[in-house]
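Comments concern the structure below.
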Amino acid sequence: MRLILAAFLALTASPALACGPETDCSVLGDRTYRYYMPEGVDGPVGAFFHAHGYRGSANGAMRNASLRAMADRLGMVFVAINADADDWNLAHRPRNPGQSEAAEYDYVNAVIEDVAGRVDLDRDRLIATGFSAGGMMTWTLACGMGGDVFAGFVPYAGTFWAPVPESCPAPPAHIIHIHGTEDRTVPLAGRPIGQTHQGDVMRAIEMYGRHMQVLQPVPLDFPYGTSCAAGFNLDGIGLTLCLFEGGHSYSVDRVEWAIEQILGTL
């Protein structure tokens, strides 16, 4: 009996079960993520999935009190996804230009399923966002997973590695791209890194606009010193480019505004 009890206690104390903001959750064997559930949220709850920058981590993102406070205000689960090394497994990246993004699609799908097993997840209110290299990850998810999985995407200061795809295989979803006009780390036109080159944001916007069959863009009021233009297709799906005078800097306020804009269309 004691052996049975000891085995049961070991099982219930397993890190795979007891995970959250302070402890990694594991999927696909060696990939991890962390999540934060706001208190007092009832019923099915949406989630935003945050992709960290180069050499960042889910742990570092989860320590950002502003992101957790944003989750509280939005009433959404904050999911911090984690690269399996210094950077995301994206096509044309400097370390391995010949690889594909397939591993990241599998990973994110596995994270969504794991989160859904832990909370009452509203799959119609899933948003992907990320900064810098995380913005590149966000654009990649928009192209490869799109409206089949997410309601919308908020890439910030990052797009594809060059060359920008000619088209996307997944159905379109809302995108609000945010970028500083004086960004020197990830300029709007990209810059060379080793034998590779960051993608051109305007080419990504043009490509996705064709993919969405977006109509004529119009100016959009945007707070926090940002100017935007938004175009919508006949299904009401929007593509928005928001620029601010500044460099490679991140604003939770801008991200929260963008998420609210997307949720307001659902």
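Does segment 209-224 include one or more residues that are on the phi < 0 side of the Ramachandran plot, touching a residue at least 40 places away in the same chain (Cβ under 8 Å) and either surrounded by fewer than 21 Cβ atoms within 10 Å (Cβ to Cβ) or among the basic types (Lys, Arg) (or both)?
Initial filter on segment 209-224 (on the phi < 0 side of the Ramachandran plot): 209-212, 214-223.
Okay, now just the ones that are also touching a residue at least 40 places away in the same chain (Cβ under 8 Å), so 210-212.
If we keep only those that are either surrounded by fewer than 21 Cβ atoms within 10 Å (Cβ to Cβ) or among the basic types (Lys, Arg) (or both) too, we end up with 210.
Yes, there is a match, as at least one residue in segment 209-224 is on the phi < 0 side of the Ramachandran plot, touching a residue at least 40 places away in the same chain (Cβ under 8 Å) and either surrounded by fewer than 21 Cβ atoms within 10 Å (Cβ to Cβ) or among the basic types (Lys, Arg) (or both).
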*For segment 151-175, how many residues are open to solvent by 10 Å² or more (accessible area, probe 1.4 Å), of a type in the set (A, V, I, L, M, F, W, C) and under 17 Å from Gly46 (Cβ atoms)?*
1
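Does Ala110 satisfy the criteria of being touching a residue at least 60 places away in the same chain (Cβ under 8 Å), open to solvent by 10 Å² or more (accessible area, probe 1.4 Å), more than 20 Å from Phe48 (Cβ to Cβ) and among the small types (Gly, Ala, Ser)? Break it down into steps so the answer makes sense when it comes.
Values: touching a residue at least 60 places away in the same chain (Cβ under 8 Å): yes; open to solvent by 10 Å² or more (accessible area, probe 1.4 Å): yes; more than 20 Å from Phe48 (Cβ to Cβ): no; among the small types (Gly, Ala, Ser): yes.
It is false that Ala110 is touching a residue at least 60 places away in the same chain (Cβ under 8 Å), open to solvent by 10 Å² or more (accessible area, probe 1.4 Å), more than 20 Å from Phe48 (Cβ to Cβ) and among the small types (Gly, Ala, Ser).
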*Restricting segment 70-99 to residues that are more than 25 Å from Val27 (Cα to Cα) and in contact with a helix residue (DSSP H, G or I) (Cβ under 8 Å, 6 or more places away or on another chain), which is most open to solvent (accessible area, probe 1.4 Å)?*
Arg73
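Report the residue count in segment 230-255 for those that are outside any strand (DSSP E or B) and touching a Leu at 6+ places or on another chain (Cβ under 7 Å).
Of the residues in segment 230-255, 2 are outside any strand (DSSP E or B) and touching a Leu at 6+ places or on another chain (Cβ under 7 Å).
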_In segment 227-247, the residues that are within 18 Å of Phe153 (Cα to Cα) and buried (at least 18 other Cβ atoms within 10 Å of the Cβ)_ = Cys228, Ala230, Gly231, Phe232, Ile237, Gly238, Leu239, Thr240, Leu241, Cys242, Leu243
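The values are calculated or read from the model by the stated rules, or taken from the named source; none is laboratory data. Just so you know, these numbers come straight off a predicted model, no measurement behind them. Cβ coordinates were reconstructed from backbone atoms using ideal geometry, including for glycine residues, and neighbour counts include every protein chain displayed. Note: areas computed on protein heavy atoms with side chains; ligands, DNA, RNA excluded. Shrake-Rupley method; radii C 1.70, N 1.55, O 1.52, S 1.80 Å.
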